[in-house]
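All remarks here apply to the structure that follows.
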Amino acid sequence: MLEIKSVSKLERRKNWSVVINLGKPIKLENETILRSFDSGLFRETEIFGENLLVFDVNDDFEISDLQAEFFRKNWTPVYEIFPFDIFKDQDFFRSPKVKIDDLELNFWYCGENFSCGIHNEHDFFELHTQILGQGEMQKFHSDEEKTIFYRDILSPGQTHNPFYSKEKKYPFHQYKSRTKCLWLAIESPKKLVE
């Protein structure tokens, strides 16, 4: 249903596609620049780049019942990866990881209004791109929800600003869904963007 693979050209399409540029900045036909590790929602546009990810999302931008059922049947419950009580028996799943060069990529799916767990440690640099649904990345002063101080609202095609420092230090943060959501995590041993 969804496949992670890199291409060098996006042909003109009538339907909307989420495009993520994993390569060097590229100039689009309307003189807009798509920076490295930036993304957007495109149609009726031709894009050339050395390393593009393209996901067809059509026109409704929401997750259908059929798609949700596919994720539940084919992906791993997050509780089996991270056995924390907050994830037990939740509508929260992760796809297998795919490696492209030194990047690891995987999809995450969760039901609506779900907090995916406040944390502040990673042994990699990470960005998230919204594929379907509406979600947000949040920052906190501590590991308690009441200390929220920042929200980056994400719609299909949007990648949030980096949360990490050059030393791989993260503030307390989490992803939170507003609707049923599908997003792509991009993980790297080296800094993705400044």
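The values are calculated or read from the model by the stated rules, or taken from the named source; none is laboratory data. Just so we're clear, the structure is a prediction, and the values are computed from it rather than from any experiment. With ideal geometry, Cβ positions are generated from the backbone for all residues, glycine too; neighbour counts draw on all protein chains shown. In case anyone asks, the SASA skips ligands and DNA or RNA and just uses the protein heavy atoms, side chains included. Shrake-Rupley method; radii C 1.70, N 1.55, O 1.52, S 1.80 Å.
Between residue 90 and residue 165, what length in nm is gained on full extension when 0.36 nm per residue of separation is reduced by their alpha carbon distance?
Numbers: separation 75, 0.36 × 75 = 27.00 nm, distance 3.12 nm.
Difference between extended and current length: 23.9 nm.
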- With Cα atoms, 0 to 90° folded angle of helix 65-74 axis to the chain main axis: 70 degrees
- Among all the aspartates and glutamates, which ones have a C-alpha under 14 Å from residue 139's C-alpha, if same-chain residues fewer than 8 places away are not counted? 121, 152
- Say each of residue 45 and residue 58 gets a label point 7 Å from the Cα, pointing the same way as Cα to Cβ; how far apart are those two points in nm? 2.2 nm
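Ignoring ligands, DNA and RNA, what percent of the accessible area of the chain is carbon or sulfur (1.4 Å)?
Details: 4860 of 10270 Å².
Of all accessible area on the chain, carbon and sulfur atoms account for 47 percent.
Where in the chain is the longest stretch that carries no chymotrypsin sites (Phe, Trp or Tyr not before Pro) classed as loop by DSSP and with at most 16 other Cβ atoms within 10 Å?
Working: sites that count: 84, 124.
Between exposed loop sites, the widest span is 1-83.
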- With the other protein chains left in place, how much accessible area per residue, in square angstrom, belongs to the range 104-194 at a 1.4 angstrom probe? 43 Å²
- Excluding residues on the same chain fewer than 8 positions from residue 190, give the lysines whose Cα lies under 18 Å from its Cα. 24, 97, 99, 166, 168, 169
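Report relative contact order for the chain in percent, whole number only (criteria: Cα-Cα under 8 Å, sequence separation at least 6).
22 percent
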- Label-to-label distance, nm, for residues given as residue 97 and residue 5 (7 Å Cα→Cβ offset): 2.2 nm
- Identified option (computed Kirkwood radius over Cα pairs in Å; candidates (1) 17.2; (2) 16.6; (3) 23.4): (1)
- Note on the structure: Using alpha carbon centers only, the range 80-95 is separated from the range 1-30 by a whole-angstrom value of 31 Å
